[in-house]
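To start, the structure itself, in structure tokens.
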Amino acid sequence: MGVIALLISIIFIFLSGLHVYWGLFGIKNPSRVLPSNEKDELLMRPGRAGSILVGLILAFFGFIYLNSVLEFLNWKGLTYISWAIGTLFLARTIGDFRYVGFFKTVKNTDFAGMDSKFYSPLTLVIAALIFVLEFWG
């Protein structure tokens with residue numbers, strides 16, 4: 001199960017770096033990574049601080065799963081945090097039934113295409129790996 005934990009950790013650390021990069025240098029094409037409505041108006045503008053905050057949270061998630069491999073912190077509460085992270089990513093996979101997730105209704109935007117091809121499948125894989133790790137790890 002150490003391989004699964006390491007894989008999850010690598011995914012989170014990569015995503016963390018991506019968000020920190022966006023926070024520091026900006027997003028080249030925001031309509032591909034931020035949800036937008038039918039008129040291509042962005043539904044959120046997280047700004048630099050918001051992007052860096054998400055990056056730090058994702059780094060924290062990465063270190064939780066790196067802890068499963070290296071065991072630098074021995075606290076049973078990490079299991080509950082891991083379940084919460086898995087549930088969070090499963091909820092992201094399902095989405096808001098409008099702009100985000102597999103069950104979105106707005107499907108003709110740049111973000112919707114990227115979300116269907118990459119973002120939602122990635123969140124599903126992350127959630128599945130976390131639940132496998134917690135059930136059988």
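The values are calculated or read from the model by the stated rules, or taken from the named source; none is laboratory data. Small disclaimer: the values here were computed from a predicted structure and weren't measured. Note that we place each Cβ from the backbone using ideal geometry, even for glycine, and neighbour counts take in every protein chain shown.
From the set of residues in the stretch 24-42 that are polar (S, T, N, Q) and in a loop (DSSP other than H, G, I, E, B), which is surrounded by the most Cβ atoms within 10 Å (Cβ to Cβ)? So that I can check it myself, show each step before the final result.
In the first step, residues of the stretch 24-42 are kept if they are polar (S, T, N, Q); the result is 29, 31, 36-37.
Adding the requirement that they be in a loop (DSSP other than H, G, I, E, B) leaves 29, 37.
Working: N29: 10, N37: 13.
The extreme case among them is N37.
Condition check ((1) of a type outside the set (A, V, I, L, M, F, W, C); (2) modelled with pLDDT under 95) across all residues:
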{"position": "A5", "(1), (2)": "no, no"}
{"position": "I8", "(1), (2)": "no, no"}
{"position": "I13", "(1), (2)": "no, no"}
{"position": "F25", "(1), (2)": "no, no"}
{"position": "L34", "(1), (2)": "no, no"}
{"position": "K39", "(1), (2)": "yes, yes"}
{"position": "G55", "(1), (2)": "yes, no"}
{"position": "A59", "(1), (2)": "no, no"}
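Residues that are of a type in the set (F, W, Y) and under 22 Å from L18 (Cα atoms): does the stretch 70-86 have at least one?
Of all residues in the stretch 70-86, those of a type in the set (F, W, Y) come to 72, 75, 80, 83.
With the extra rule that they be under 22 Å from L18 (Cα atoms), the set shrinks to none.
Checked against the condition, which is being of a type in the set (F, W, Y) and under 22 Å from L18 (Cα atoms), the stretch 70-86 yields no hits at all.
Restricting attention to the stretch 29-47, and to residues there that are among the charged types (D, E, K, R) and in contact (Cβ under 8 Å) with a residue 60 or more places away in the chain, which single residue is nearest to L129 (Cα to Cα)?
R32
Only one residue in G26, G50 is among the small types (G, A, S) and without any contact (Cβ under 8 Å) to a residue 24 or more places away in the chain, so which one is that?
On inspection, the qualifying residue turns out to be G26.
Return the residues of the stretch 108-125 that are touching a Gly at 6+ places or on another chain (Cβ under 8 Å) and of a type outside the set (S, T, N, Q); say none if nothing qualifies.
D115
Might you let me know whether the stretch 63-72 holds any residue that is at pLDDT below 95 and buried (at least 18 other Cβ atoms within 10 Å of the Cβ)?
Among the residues of the stretch 63-72, at least one is at pLDDT below 95 and buried (at least 18 other Cβ atoms within 10 Å of the Cβ), which makes the answer yes.
Can you name the residue in the stretch 89-112 that is in a helix (DSSP H, G or I) and without any contact (Cβ under 8 Å) to a residue 12 or more places away in the chain and is also surrounded by the fewest Cβ atoms within 10 Å (Cβ to Cβ) among such residues?
Applying the filter and picking the extreme gives A91.
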